[in-house]
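The values are calculated or read from the model by the stated rules, or taken from the named source; none is laboratory data. Bear in mind that the values here come from a model prediction, so they are computed numbers and not experimental data. Neighbour counts run over all protein chains shown; Cβ positions are idealised from the backbone, glycine included. Keep in mind that these areas ignore ligands, DNA and RNA; they rest on the heavy atoms of the full protein, side chains included. Shrake-Rupley method; radii C 1.70, N 1.55, O 1.52, S 1.80 Å.
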Amino acid sequence: MSLDKKEKMANKRKRDDQEEDPEMTRDKQIRKSPSLSLSSVVKQVMMANFQQDMAVAIEPLMRKVVREEVQRVLLSLGFVDRKLEMQTISPEKPSYHLSFKYQPHIPIFSGSKIEDTEGSPLQILLIPTGPSSSSGSSSLPSQIKIEFVVLPGDFPSNDDWTSDEFEKAIVKEREGRKPLLIGPVNNITMRNGYVMTGDLQFTDNSSWIRSRHFRIGVRVVKGSCQGGLIKEAITEKFIVKDHRGELYKKHYPPALTDNVWRMKKIAKEGVFHKKLSEYNINNVQDFLKLWNVYPGQLRQILGSGMTDNMWKITINHAQTCDLGSKVYFYCKQNVVIFLNSICQVVRIKIGDVQCTFEDLNRNTMDFVQQMILEAYKDWANLMEADEMISETVVQGGSGSLQYHDLNSQEFGTDDYQVEDLDEVNSSGSFFSEMP
C-alpha cells in the first residue's frame, strides 16, 4: 500500500472520530466516570440544604442593602425627587409599638385554645416608642382596632421589618381548609393601650410550611388610628402540633384523677398501661397509693421491661402531683391515723395524745403500720376528716406530722408484703377494693 493511501485512510479515521455522535460520547464519559458513593451524595444534599437556608436567611438583608444602594445612586444622579429623598434619609419612625405581655404557652395543638405562659388568653399592650415612653398611658390613643395574623417561624424577630414585609409574610390557610387562625381575630378593640383576647385557635399544624414553625403577629387595622405609626408585634416561633397529639400528651404536673398514661414512660394503651389496668390501677392516685404502701408489688406489676431509670423518671413525675387538702382517718382500738390522698400518714392520735413516729415503741409502730395497710385495702370505706382537722393537718397545725410513707427502712414493709400477687388479684381481696 502506498504512503499516500495510508495517509488518506488515517485522515478519514480522524474525521470520523471528530464527527462521532455527541450522545455516544457523553455515554462513554459517564461510563468512564467513577460512580458516586453514598457519602458524597449525602454531602451534596447537605450542602444544597445549607445553601438554601443561607439564601433564605440573607435574602431580607440583601434586599434592604440593594434597595438603599439603588436609591442612593438614583439620588446622586438626580432621578429621585426631594420628597423621596427625605423619605429615604429620614423615614418616619413609629410613635408606638404593640407588644405581647406574655409569650404563648407551649406546646400548642390545633383545635385547642391558645393561652399565654400565665394561663390566660393572649394580652396585647400598646407602648410608646422612644422618649415619649416616659409620658405614661395618658398619651396613648384611647381606642384602636387590632387584628391577629399568622407568620412563618423564619420571619425575622429583630424588629427590623417594614409593614410591607410584614404584610407579604402572612401565612394563609391551605387550599380547601378553614382559616388558619380562628376566634376573635379581626377588629378587636384596644382601649387605653391594653386588650385581652378571646379564645384563639389554630385549625392546622405547622408541619407543612418550610420553617415548620409559626409566629402570631398582631397589627393595627388600617384606618383605625389617627396619628403616628404603630409598629406590629410578633411572638417567638413555635410548633403547632396536630390535635391528635394532645390526646396522648403528658401532664405537668399530673392530677390525682389523671389516667396513669399521663405520666412519663407510660404510653397510652402500651404495655405498662395494660399491666396496670389488669390490677385496677387506673389513675395517678391509684399509682401513688400502691407505691407508698406496696412499692415492691408495683415494681413487680410493671415488670422487667421498665428499667431502673424509667422507674425513677415515672415516680419523680408522679410525685409532682398536687395532693390536695383532703385527709382521711382510720380507727382501731384507741388509735387513730390520719392519711392524705395517697395513703401517707400525716397524723397519729393515741387516746387523747398526739404522737409522732419517734414517740412510738416498736410494737406500737408495727401496730400503726398494720393499720396503714388495712386502711389502704379498705380505702373506699374510709371517712374524710372534717374541714377543720384537714386544714390543721395540711397546714402543719399543732400535733401534725411530716408525711410518712412505708418506703422507709424503719417501717420494715417486707413483713407486710403480699406474698403472691397473682393469687391476690384472682381472689379480689386486695386490688378489687381500690377506689
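Contact order for region 204-306, expressed relative to its length and based on alpha carbon pairs under 8 Å spaced 6+ residues apart, stands at 19 percent. Basic side chains Lys and Arg get +1 at the Cβ, acidic Asp and Glu get -1 at the Cβ, and with that the dipole of region 244-297 about its Cα centre reaches some 220 debye. Accessible surface ranking for Arg219, Arg362, Arg191, 1.4 angstrom probe, highest first: Arg191, Arg362, Arg219.
Given axes a ≥ b ≥ c from the Cα gyration tensor, I'd like to know whether region 234-355 is rounded (a/c under 1.5), prolate (a/b larger than b/c) or oblate. Because a/c hits 1.5 or more and a/b exceeds b/c, region 234-355 counts as prolate. Pairs exceeding 19 Å between alpha-carbon atoms, taken from Lys64/Lys222; Lys265/Lys312; Lys168/Lys222; Lys172/Lys237; Lys250/Lys312; Lys241/Lys275: Lys64/Lys222; Lys241/Lys275. Close amide H contacts of Val327 (hydrogens built in the peptide plane, cut-off under 5 Å, sequence separation of 5 or more or a different chain): Ala385. For the pair Asn158 and Ser39, what calculated FRET efficiency results from E = 1/(1 + (r/R0)^6), where r is the Cβ-Cβ distance and R0 = 51 Å, to the nearest 0.05? After rounding to 0.05, the efficiency reads 0.85.
Note on exposure: Tyr194, Tyr252, Tyr294 ranked by accessible area (1.4 Å probe, complete protein assembly) read Tyr252, Tyr194, Tyr294, with the most exposed listed first. Each of the peptides 274-282, 198-206, 176-184 was scored by the mean count of other Cβ atoms within 10 Å over its residues; in descending order, highest first, they stand as 198-206, 274-282, 176-184. Here Leu229 sits with roughly 80 square angstrom of accessible surface, probe radius 1.4 Å.
Let me know the shape class of region 265-308, please: from the alpha-carbon gyration tensor, a ≥ b ≥ c as square roots of the eigenvalues, rounded when a/c is under 1.5, otherwise prolate if a/b is greater than b/c, or oblate. Oblate, since a/c reaches 1.5 and b/c is not below a/b.
Rolling a 1.4 Å probe over the protein heavy atoms leaves Thr117 with an accessible area of roughly 80 Å².
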